[in-house]
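Enquirer: One structure coming up, written as structure tokens, with questions to follow.
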Amino acid sequence: MELSRLFVSDTCFLSPPIRYSSSPVPSAFFAVNRRRRRRRSVCSAFNPDTLIAGGDAGVGEKKHDEDLKSWMHKHGLPPCKVVLKDKPCHNDSHKPIHYVAASQDLQVGDAAFSVPNSLVVTLERVLGNETVAELLTTNKLSELACLALYLMYEKKQGKKSFWYPYIRELDRQRGRGQLAVESPLLWSESELDYLSGSPIKAEIIQREESIRKEYNELDTVWFMAGSLFQQYPYDIPTEAFSFEIFKQAFAAIQSCVVHLQKVSLARRFALVPLGPPLLAYQSNCKAMLTAVDGAVELVVDRPYKVGDPIVVWCGPQPNSKLLINYGFVDENNSNDRLIVEAALNTEDPQYQDKRMVAQRNGKLSVQVFHVYVGKEREAVLDMLRYMRLGYVSDPSEMQSVISSQGPVCPVSPCMERAVLDQLADYFKTRLAGYPTTLAEDEFMLTDGNLNPKKRVATQYVRLEKKMLHACLQATTDFINQIPDHSISPCPAPYAPLLK
């Protein structure tokens with residue numbers, strides 16, 4: 001048996017800075033775990049021709065097999081204005097990925113397609129009972145884990161499954177987005193090194209640990225979901241599927257699931273044939289798949305010519321989420337951001353007073369600052385207001401801060417220099433943590449033969465570094481506003497902590 005791929009008070013805390021001048025997947029996906037498969041499993045009839053084996057060209061997909069769109073029309077898809085087209089893959093051994101394109105000229109407001117609910121996979125369908133669905137998804141398991149488990153079982157049925165044409169299409173895509181790159185959740189350790197220096201690497205590892213926790217709860221889903229229990233009474237999930245196979249399935253479902261609005265909890269996460277990953281995500285697009293009476297519909301937000309790929313909105317997600325969830329980054333993503341965490345020093349004798357002042361001004365003792373692209377100066381200014389509080393050391397000054405009703409707590413030049421120096425050192429340290437410089441990244445991206453995973457990783461860290469450089473430049477600009485650069489920074493035994 002061949003393994004098959006799939007889815008894969010305004011106080012000094014808030015006062016402005018003193019102005020001194022006027023200048024302003026390699027392994028199988030959704031495959032049966034051969035090492036742990038029982039003889040009595042219903043997948044005993046599963047054979048290499050059931051689905052695309054390994055996603056390789058010419059394997060497992062026969063000419064007489066019904067294509068996805070034909071199957072959908074046969075089962076209730078009304079006439080639509082799109083067609084599936086091929087996009088060559090960087091790996092010649094893999095089939096080209098499909099994408100949805102306009103089959104005729106479209107205008108703003110046109111409905112490109114409307115997929116009936118009978119062709120949409122939701123928890124309502126998977127679990128059969130909305131009460132059970134709500135119980136499971138508000139406890140230890142996510143909707144993604146439930147959907148992944150369902151399609152893993154469906155795959156085991158091969159062509160007997162109603163969803164065979166859809167699963168085969170997901171096999172073909174191999175969990176790849178329109179850049180033909182899988183989620184970093186499926187990258188090897190050496191490939192994850194492309195992201196060295198970036199916090200996203202630790203985030204990916206943490207996400208994998210969360211997926212493992214969900215894997216360990218799969219047997220609970222199988223037991224509580226009546227439809228699965230009746231269909232597969234002997235196939236205990238953790239015996240039928242290894243963690244690696246489940247992770248691949250989870251990543252693939254993550255890359256194509258649609259979050260529907262204004263529907264019940266059991267229907268809010270949906271798998272929609274003709275939806276992602278066949279649709280390309282774009283951050284500046286406002287078109288989205290919408291639940292209407294008995295269907296999921298896509299109304300376009302821009303004109304299209306025949307053959308143009310159809311795009312949808314990916315939501316207000318930073319590039320870190322786009323990369324982990326979908327395997328791509330958006331160079332023009334206005335929602336892209338960095339995270340800087342600042343914390344008041346708990347060893348400070350005045351920690352509780354400072355904590356109270358911070359809370360009074362809408363901040364926490366451990367505060368996360370979101371640095372949005374293009375708004376780095378504003379973010380640095382917000383950090384300065386917070387950090388000045390941490391630098392107050394004189395008890396009388398602290399009492400003045402607590403009791404003040406206006407900007408009555410001046411910031412001395414030496415304190416301002418100390419705060420700015422700490423921020424500048426922080427940004428320099430983060431930049432030094434990358435194995436390559438921004439210039440080296442830009443040069444690397446000119447290589448047309450660059451490995452696709454390395455390309456998307458380099459695009460990501462390059463955008464991250466550009467924001468850090470902008471933060472450092474804003475900090476330097478504030479330093480340059482201090483007229484006397486010979487001023488030594490004030491000592492700060494309990495300076496805030498940055499990470």
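The values are calculated or read from the model by the stated rules, or taken from the named source; none is laboratory data. What you are looking at is a predicted structure, and each value in this text was computed from that prediction instead of being measured. Here the Cβ positions follow ideal geometry from the backbone for every residue, glycine too, while neighbour counts run over all protein chains shown. Areas reflect the complete protein model, heavy atoms only, side chains present, ligands, DNA and RNA absent. Shrake-Rupley method; radii C 1.70, N 1.55, O 1.52, S 1.80 Å.
Yes/no per residue for (1) open to solvent by 20 Å² or more (accessible area, probe 1.4 Å); (2) more than 30 Å from TYR426 (Cβ to Cβ); (3) not aromatic (Phe, Trp, Tyr):
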position	(1), (2), (3)
ALA266	no, yes, yes
ALA270	no, yes, yes
LEU274	no, yes, yes
CYS285	no, yes, yes
ALA291	yes, yes, yes
ILE324	no, no, yes
ARG337	yes, no, yes
GLU341	yes, no, yes
GLN359	yes, no, yes
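Enquirer: Quick check on region 221-242: of everything there that is under 14 Å from GLU143 (Cα atoms) and modelled with pLDDT of 70 or more, which residue is least open to solvent (accessible area, probe 1.4 Å)?
Expert: First pass over region 221-242, keeping only residues under 14 Å from GLU143 (Cα atoms): 221-222, 225.
Now narrow it down to the ones that are modelled with pLDDT of 70 or more: 221-222.
On the way: VAL221: 2, TRP222: 27 Å².
Step by step, filter region 221-242, then rank; the result is VAL221.
Enquirer: Tell me the helices (runs of 4 or more DSSP H) entirely within region 394-499 that contain at least 3 residues that are over 17 Å from ARG377 (Cα atoms) and under 33 Å from the mean Cα position of the chain (by Cα). Steps first, please.
Expert: Numbers: elements: 395-403, 413-432, 438-444, 452-480.
Fully inside region 394-499 and qualifying: 413-432, 438-444, 452-480.
Enquirer: Residues in region 358-381: is at least one in a helix (DSSP H, G or I) and among the hydroxyl-bearing types (Ser, Thr, Tyr)? Walk me through how you get there before you give the answer.
Expert: First pass over region 358-381, keeping only residues in a helix (DSSP H, G or I): 358-360, 376-381.
With among the hydroxyl-bearing types (Ser, Thr, Tyr) added as a condition, the list becomes none.
There is no residue in region 358-381 that is in a helix (DSSP H, G or I) and among the hydroxyl-bearing types (Ser, Thr, Tyr).
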